[in-house]
1. Please compute the volume of the convex hull spanned by the alpha-carbon atoms of segment 15-74 and report it per residue in Å³.
2. Taking the Cα-to-Cβ direction at K31 and at S79 and moving 7 Å from each Cα, how far apart do the two end points lie in nm?
3. Please report, in whole Å, how far the alpha carbons of segment 1-46 spread along each principal axis, starting with the longest.
Amino acid sequence: MVKNITVYTSNDCAYCLMVKKYLNMKGRDFKEINVEDHPEKRDEMHSMTGQNRVPVTVITKTDGTQKVTIGYNISQLASAINV
């Protein structure tokens, strides 16, 4: 089961909008962190994933494990939120 979802985004990011739209269509609540509004969160995202680009979606399961998807990858997102 999914405990929570966090999406790291930036302003004017088309793929970020697509990820958020997909999660909304699936009825999933998520927390959005805009790394332009909160630059310190970009460092957090980079430490976790090695990525500097958004979107980065972190799906935390109820058992504490995390699945990270980078970019707009529907098959990875679908697999991660439907487990």
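1. Taking the convex hull of the Cα positions in segment 15-74, it is 93 Å³ per residue.
2. In this crude spin-label approximation the distance works out to 2.6 nm.
3. Per principal axis, max minus min of the Cα coordinates gives 29, 24, 14 Å.
Bear in mind that the values in this text are calculations on the coordinates, not laboratory data. Please read all numbers here as calculations on a predicted model, not as lab measurements. Backbone-built Cβ (ideal geometry, glycine too); neighbour counts: all protein chains shown.
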